[in-house]
1. Based only on the alpha carbon positions, what is the Kirkwood hydrodynamic radius of region 236-377, in angstrom?
2. What percentages, rounded to whole numbers, describe P(r) for region 1-143 computed over all alpha carbon pairs with 10 Å bin width beginning at zero?
3. Of the accessible area of the chain, with the probe set at 1.4 angstrom, what percent is carbon plus sulfur?
4. By how many nm would the segment from Glu48 to Ser237 grow when fully extended, if each residue of separation counts as 0.36 nm and the alpha-carbon distance is taken off?
5. Under unit Cβ charges (Lys, Arg +1; Asp, Glu -1), what dipole magnitude, rounded to 20 debye, does the chain have relative to its Cα centre?
6. By its C-alpha gyration tensor, with a ≥ b ≥ c as the square roots of the eigenvalues, how is the chain shaped: rounded for a/c under 1.5, else prolate for a/b larger than b/c, else oblate?
7. In region 1-111, what percentage of the DSSP-assigned beta bridges are antiparallel, given to the nearest 5?
8. Wrap a convex hull around the Cα atoms of region 117-221, take a quarter of its surface area, and give that in square nanometres.
Amino acid sequence: MKRPLDPEVSALELVESLAQRYADLPIEAIVKEDLLRRGMAWSKEALEAAARYKRKAYFIFSFDMVPISAMDQGENTKAPEEVRLVGGGFDFRPVIVSVRLNPASPYRIEAENDALILKLDGHSVAAVELQRSPAYYERTLASGKPISDIAPTIEWGYLLYLTVFRLCQYFGAREECRFCDINANYRQQKKAGRPYTPVKAVAEVLEALEIIAETDSESKAYTVTGGSITGRLEGKSEVDFYLQYPEAIEARFPGRWISKAVVQALPKDEVRKLRDAGVQIYHPNYEIWDKKRFEALCAGKARYIGREEWIRRILEAATVFPPEHVIPNFVAGIELAGPGAFESVDEAIASTQEGLEFFMSHGITPRFTTWCPEPLSVLGRDQRGAPLEYHVRLLRAYRDTHAKYHLAAPPGYGEPGAGKAVFSVSSFMDVLPPLPPC
Ligand code: SF4
C-alpha cells in the first residue's frame, strides 16, 4: 500500500509553497500545523531560558515525539507548555502553539541576544514569547502535591485542564485507541519521578481551584476529563465518576468558569445527568469519521459502544445541550497512518469533510487536535505523520463548512481568528473569522 508523504523539498520550501497555494489561509496557521505534526527541538541555552517560565505539565497525553528516556537535555522538565510566535520574516500575528518535543525536528528554538528565535532549517521564522508561570504554580496543596499536577492551565492560561483519571480502561492492543499514549505516558511520567496523581480526589481539585480562584483572573474555562471507564472506578460508572467534579465545582464556584467535560458518547439519560451537574459543553470525542478506520483505530469504542450508536448518541446529546455545545473531537491526521490508511490526501479530506458536513448540518461543531505521532502509542511508532498539505486542506474544509452552515465559533475556546486564538493543539480557531469589534 502506498502512503502519501510530503514532497521531497526542504521543510521551509514546503511551508512557503503551501502558503502560496493556500493564500486564503493565514501562514501562521500553516506553520502551527507543521509544528504540531513535526514537534520542535530546543538548544541548550533556549531550554535553560524557558525553564524560568510556565513549564509543560503533561496535562493528559505526552504529546511528544520522543519518550522521556530519549530526552538528553531534560526537556521534559524544562520545556514550556506553549510558545507564542510573533513577527519575523513572515510578520506573524501572535500564534500560540503547544510544545511537542522532538530533538530531530527541522524546527528549532535558539537563544540569540537575550531573545528566543524559532528557526526552520536554520532560517529564522519568528520571535518566541513564553508565558510567565502563574503565581499558583508555585503553590502546593496541604498534601504537598503541586497545583500543576492537579489543575494545570493550557491555552495561554484560558483553560484549566482537570484530567481527573490519568489512565484509560481501554487497555492493550485490542481496546486502546491506536493513536493514544495515555496509559504508557502515565507509566513514563511516574518512572521519571513527576508527581502525577492517577485519580484526583474531588476535595483536592476543589483545594487547587480555591487557590487559583484567589490569585488568577486569566482562566475562563475548565475541562473535566480522563480515560474511559468501561467498568467501575471507585465503585462508580463513567458518568457518575466524572460528574462529581463539575457538581462540586459548580456548587463551590457557581458560574466562575465555563464548564466542559470530555467523556464517551453516553445514553441520553446520562447526558442529562452531566448537564444537571453543571456541565455546559460536552465533548463526546469521535476521533475519526471513516467507518473502517474508526473500527480499526478505536477498537474499544467500536466494541463497547459502536460507531452508529456513537453517532446516534452525539445527535441525541444535541437535544439535551444546545447543538453548538456538543463538540466532538477529531484527531486530524490519523486517516493517513497505519494499516488500512487512505492512500491519498484527497480521499482522507473527502472522508473527514463528509463527517464535518454531517455534524455541522445538525448544528454540531466538531473540533480537531492535530495528531502528534507519539512513540509510545501503536500508531506513532513509525513516526510518520500526515503530509502538511492534508492539514492545510483540512483547515480550509473546516472553515468553509463552518461558514456554509452559518455557525458561530465553538464556545469555550476563547476568541477565534488569526492573532486572537488561544487553542494551541490545532489551528482550527486561528482560521475562523474574528469576532466583529464591539
Ligand atoms: S478512549 Fe481512546 S483516546 Fe480516550 S483515553 Fe482511552 S485510549 Fe485514549
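1. Taking every pair of different Cα atoms in region 236-377, averaging 1/r and inverting gives 16.0 Å.
2. Here the calculated profile for region 1-143 is 11, 40, 32, 13, 3, 1.
3. Here it works out to 51 percent.
4. Contour length minus the Cα-Cα distance gives 63.6 nm.
5. 920 debye
6. rounded
7. Taking every DSSP beta bridge within region 1-111, about 65 percent pair in antiparallel fashion.
8. Computed as one quarter of the Cα hull surface, the answer is 9.5 nm².
The values are calculated or read from the model by the stated rules, or taken from the named source; none is laboratory data. Predicted model only: the values in this text are computed from it and were never measured. Virtual Cβ from ideal backbone geometry, glycine too; neighbours counted across all protein chains shown. Note: areas computed on protein heavy atoms with side chains; ligands, DNA, RNA excluded. Shrake-Rupley method; radii C 1.70, N 1.55, O 1.52, S 1.80 Å.
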